[in-house]
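One structure is given here, and the rest of the page talks about it.
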Amino acid sequence: MNPAGPYFIGFLLAVVLAYYLVPNRFRNHVISMASVGLLAWIDLWFAGAFLVVTLMNFSAAIWIDSKHQLKQRHQALLLSLLGNIALLVAIKHSNIFHRIGDLFSNWLGSPNPIPALNWILPLGFSYYMFQALGYQFEVYRKSHPAEKSLINFIAFLGFFPKIFAGPLERSTGFLPALKTPRVLEYDNFSHGFRLILWGVFKFIVISNWIGSIIETSYIPDSETSGLYMMLSMVLYTLQVYTEFSGYTDIALGSGRLFGFQLTQNFRQPFLAKSLSDFWRRWHISLSTWVMDYIYTPLSLWISLRISPRKWGIMASIFISFLLLGIWHGSSWNFVIFGMIQGSILAIEIISLRSRKKHLSNPLGRIAGHISTMAIFVVSAQFFKTNNYHETLNWFRKALDFSNSNSSLTFEYNQWPTYHLIAILIFFVFDQFVVRNNIEKWLDKRNAVLRWLFYSLLIYAIIAGTESSVQPLIYQGF
Amino acid sequence: MRVLQRISLKLIVLLGVLFLMNWAYSEWQYPEDLEKYTPMHSELESAQLADKIYLGDCSDVYCGSACDSDTSVSAFLKILMNDQKIAALSANGYQPSSYLTLIKALDSKVGEDKTIILTLNHRAFADHILLDWYYKPIIEQQLSLVQTRIPLLNRAMLTFYDPSSKRESLTLAKTEQWKNTSIEINGKTKTIAMLMEKAAGDSVATSYLEDFAFVMGEAQREQLALFNDIIHEVKSRGWKMVIHYVPINLDGLSHEKHSWLKDHALEQRQILLQHFKAMDVQVLDHSTLLSQDDFLGIKSNSHYTANGKRKLALGLSTALKVPVE
């Protein structure tokens with residue numbers, strides 16, 4: 001099921017209708033039933049995995065909360081975290097052990113004794129798992145008591161508009177929102193539908209246009225010029241952005257229909273001046289999660305137990321982003337992605353003072369923007385290919401200017417000029433005019449202009465794409 | 001209540017916008033989209049004005065590397081019946097579901113005395129055709145635009161059609177079904193996997209099992225129901241229906257070691273013939289019309305040579321009681 005597709009939107013509208021038809025005290029029941037129901041509709045295994053994680057974390061948090069001594073709380077938290085991580089590794093990274101077995105069996109020349117499990121990753125697994133881990137931390141820290149209502153907990157962990165790929169919601173914000181009475185408000189509907197429409201447009205139209213341009217560059221052995229491959233590399237990053245931010249807008253808009261304000265995941269990421277600035281603007285709910293629940297405790301632990309020097313902070317940031325990379329999947333590609341991010345962020349920390357001086361002048365700022373984008377564009381390629389051999393070959397081919405295909409005549413590729421211009425216009429509009437806040441931008445327009453804008457989006461969604469809906473890239477993580 | 005009033009007002013405006021959008025789309029973009037996304041569109045236009053419409057699959061049009069002429073059965077039929085308007089709606093991968101959509105896309109008010117000649121390919125009941133993961137999604141998407149809905153909705157269905165996920169799920173389903181399907185041969189029930197293992201190395205037996213190893217039963221009901229729907233649709237329009245049962249290469253199974261396969265094929269053929277005869281439609285049984293020379297290969301699922309296709313067209317034109325030149 002595609003979150004921008006008619007089945008999801010139809011399901012969403014039916015649930016919203018049921019939600020406002022029942023009294024307030026049953027509204028979380030509707031959300032919980034719809035969330036589990038949607039997972040079961042897609043695959044019973046998805047619903048089963050979700051319920052196991054939910055029940056495990058629901059009871060673990062009550063257990064942690066029942067302990068009053070710090071040491072006991074600490075032990076209970078540790079056990080709960082270990083249980084969750086074991087489940088995460090078993091389901092998401094099950095083949096790591098098979099691959100390790102492969103390495104040894106190749107070395108020893110014997111058959112691999114560890115079978116490949118090839119389990120289908122349940123929809124949204126890492127997203128609700130991370131929310132559950134964050135929840136355990138908050139209960140341990142006594143930010144709030146353990147949730148006593150299983151219905152509320154299911155609604156918090158599995159709220160279906162965010163089940164596909166986040167945003168990661170914090171228990172400190174979302175659980176209290178679930179306990180607040182919600183009434184039918186026109187503004188919620190109006191803003192919700194605007195966000196959904198804008199999100200579907202980005203997801204379906206822009207992302208598909210980009211996909212149709214870059215498609216040939218990623219076909220192995222295709223005769224694509226180096227320059228076209230470079231352009232595809234930049235456009236691929238933009239495709240990931242339009243798809244993921246489009247999906248996030250759909251999730252945020254859907255949340256608004258139920259009366260919730262979900263976490264913003266993007267804030268003009270292409271205007272970032274440095275990589276650390278970039279991660280404050282890109283997949284914000286994940287990067288802040290990593291900072292709060294991995295980086296902060298880790299750096300504290302290192303500075304208290306090992307050394308309070310700068311290298312401790314650097315090591316913490318490197319490990320945190322390495323883990324963020326591995327969160328995407330058990331492939332060397334993601335390890336390399338995490339290592340690139342972690343290393344550069346660590347360098348940024350030690351060079352903060354000298355960089356501040358450079359960033360104060362316009363040329364330095366431009367250099368900052370360009371280098372940040374270049375780093376991300378290059379590292380994003382590790383998401384596109386199946387393994388790092390493929391990625392390296394791809395780079396080799398893109399940079400091979402001795403290849404006759406790399407001439408500037410582009411004889412192998414017709415430049416899709418109209419789509420490129422449209423994508424450029426979208427990019428300027430999205431980053432400089434809308435600034436990841438379509439609701440605010442539309443609020444300032446008059447009704448005629450607003451409806452013209454809606455009509456344009458609806459028409460483009462229905463009749464403006466050349467190919468059908470592609471699966472969401474981030475859904476696979 | 002005020003909130004509901006405001007929402008209702010916006011919904012009315014939205015309906016108005018959609019109405020205008022549909023008008024604009026139908027006027028300006030729809031014809032272009034038909035050309036672009038629905039390759040069978042021009043054939044549908046010809047079919048609209050034809051007296052006889054031949055609906056066929058690869059048995060009509062296939063012409064691979066061993067092919068001696070690309071003239072199809074329907075093309076021969078057009079030559080043989082040149083005094084009549086004959087159109088063909090044929091393509092590799094067409095299935096009963098595609099035929100039904102194509103027939104529904106024809107305007108019932110244009111041309112009263114139409115005859116629909118519908119290909120009945122024995123292979124259409126095989127598991128891999130029932131769960132076709134390659135052609136079916138592509139054709140389904142192409143046909144989205146000619147469904148009997150408003151054009152803008154058709155375009156939305158084309159945009160939101162997701163062949164990739166459908167393909168994946170169908171492939172998975174196919175794998176499962178392939179493992180579990182059992183058939184009775186010589187009084188013994190065996191799974192297809194077991195029979196394939198037994199037939200390993202014998203390409204004639206393997207290809208038969210791949211395409212024809214089924215017992216016309218529950219699994220094939222969906223396909224039979226689609227044929228029934230087509231017959232019902234054609235009859236409801238007052239058109240004539242002819243079922244054209246195309247050949248299997250039974251001569252290729254003439255070796256003694258393949259006699260159990262030939263018996264199996266003939267048994268299934270009998271079930272099919274009984275089913276369609278009970279439907280009160282004209283059935284042209286050409287399933288045993290061709291001999292080995294008329295097939296491109298020795299396998300039972302081989303396609304036809306140009307001469308084989310010509311023979312089929314000749315048989316058809318004779319049966320349709322039209323003077324043959």
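The values are calculated or read from the model by the stated rules, or taken from the named source; none is laboratory data. Keep in mind the model is a prediction, meaning the values are calculated, not measured. Every residue, glycine among them, receives a Cβ derived from its backbone with ideal geometry; neighbour counts consider all protein chains shown.
Could you tell me whether B:Glu45 is touching a His at 6+ places or on another chain (Cβ under 7 Å) and either farther than 27 Å from B:Leu290 by Cα or of a type in the set (Ser, Thr, Tyr) (or both)? No.
I'd like to check something: does segment B:111-119 contain any residue that is part of a helix (DSSP H, G or I), crowded, with 18+ Cβ neighbours inside 10 Å and away from chain A (no Cβ under 14 Å)?
Here is the first cut: in segment B:111-119, the residues part of a helix (DSSP H, G or I) are none.
Checked segment B:111-119: no residue is part of a helix (DSSP H, G or I), crowded, with 18+ Cβ neighbours inside 10 Å and away from chain A (no Cβ under 14 Å).
When segment B:4-17 is filtered for residues that are within 11 Å of chain A (Cβ to nearest Cβ) and farther than 19 Å from A:Asp187 by Cβ, the ones remaining, listed by number, are B:Gly16, B:Val17. Cβ-Cβ distances below 8 Å connect the following pairs, each with a first residue in segment B:78-107 that is over 15 Å from B:Leu143 (Cβ atoms), a second residue that is among the acidic types (Asp, Glu) and surrounded by fewer than 22 Cβ atoms within 10 Å (Cβ to Cβ), and a separation of six or more residues or different chains: B:Leu80/B:Glu325; B:Asn82/B:Glu325; B:Gln84/B:Asp51; B:Lys85/B:Asp51; B:Ile86/B:Asp51; B:Ala87/B:Glu43; B:Ala88/B:Glu43.
Take the residues in segment A:421-464 that are part of a loop (DSSP other than H, G, I, E, B) and at pLDDT 90 or above; name whichever of them is farthest from the other protein chains (Cβ to nearest Cβ). Among residues in segment A:421-464 that are part of a loop (DSSP other than H, G, I, E, B) and at pLDDT 90 or above, the one farthest from the other protein chains (Cβ to nearest Cβ) is A:Lys444. The condition of being more than 21 Å from B:Thr71 (Cα to Cα), in contact with a Phe, Trp or Tyr (Cβ under 7 Å, 6 or more places away or on another chain) and touching a residue at least 40 places away in the same chain (Cβ under 8 Å) does not hold for B:Ala313. Would you please name the residue that is farthest from B:Asn154 (Cα to Cα), looking only at residues in segment B:29-60 that are part of a strand (DSSP E or B) and not small (Gly, Ala, Ser)? Per the stated criteria, the residue is B:Lys52.
Is it true that A:Asn106 is touching a residue at least 12 places away in the same chain (Cβ under 8 Å) and surrounded by fewer than 13 Cβ atoms within 10 Å (Cβ to Cβ)? Here the answer is no, as A:Asn106 does not meet what is asked.
The set of residues from segment A:298-325 being surrounded by fewer than 17 Cβ atoms within 10 Å (Cβ to Cβ) and either within 15 Å of A:Phe130 (Cβ to Cβ) or among the β-branched types (Val, Ile, Thr) (or both) comprises A:Ile306, A:Leu323.
Please give the helices (runs of 4 or more DSSP H) falling wholly within segment A:275-350 in which 2 or more residues are more than 18 Å from the chain's Cα centre (by Cα).
A:296-305, A:310-327, A:332-350
In the condition set (1) modelled with pLDDT of 80 or more; (2) part of a helix (DSSP H, G or I); (3) closer than 28 Å to B:His232 by Cβ; (4) within 14 Å of chain A (Cβ to nearest Cβ), B:Arg149 is compliant with all but (2).
With respect to the conditions (1) under 22 Å from the mean Cα position of the chain (by Cα); (2) crowded, with 18+ Cβ neighbours inside 10 Å, B:Asp280 falls short on a single one, namely (2). Inspect all residues belonging to segment A:227-245 and state whether any of them is surrounded by fewer than 23 Cβ atoms within 10 Å (Cβ to Cβ) and within 14 Å of chain B (Cβ to nearest Cβ). No, segment A:227-245 has no match at all. Taken over segment B:26-66, the criterion of being touching a residue at least 24 places away in the same chain (Cβ under 8 Å) and acidic (Asp, Glu) is satisfied by B:Asp33, B:Glu43, B:Asp51, B:Asp57, B:Asp60. Among the residues of segment A:176-218, those that are surrounded by fewer than 20 Cβ atoms within 10 Å (Cβ to Cβ), assigned to a helix (DSSP H, G or I) and away from chain B (no Cβ under 14 Å) comprise A:Pro176, A:Ala177, A:Lys179, A:Thr216, A:Tyr218. From the list B:Asp33, B:Asp60, the lone residue that is of a type outside the set (Ser, Thr, Tyr) and within 14 Å of chain A (Cβ to nearest Cβ) is B:Asp33. The lone criterion from (1) free of Cβ contacts under 8 Å to residues at least 12 places away in the same chain; (2) away from every other protein chain (no Cβ under 14 Å); (3) closer than 26 Å to B:Ile150 by Cα left unmet by B:Leu20 is number (2).
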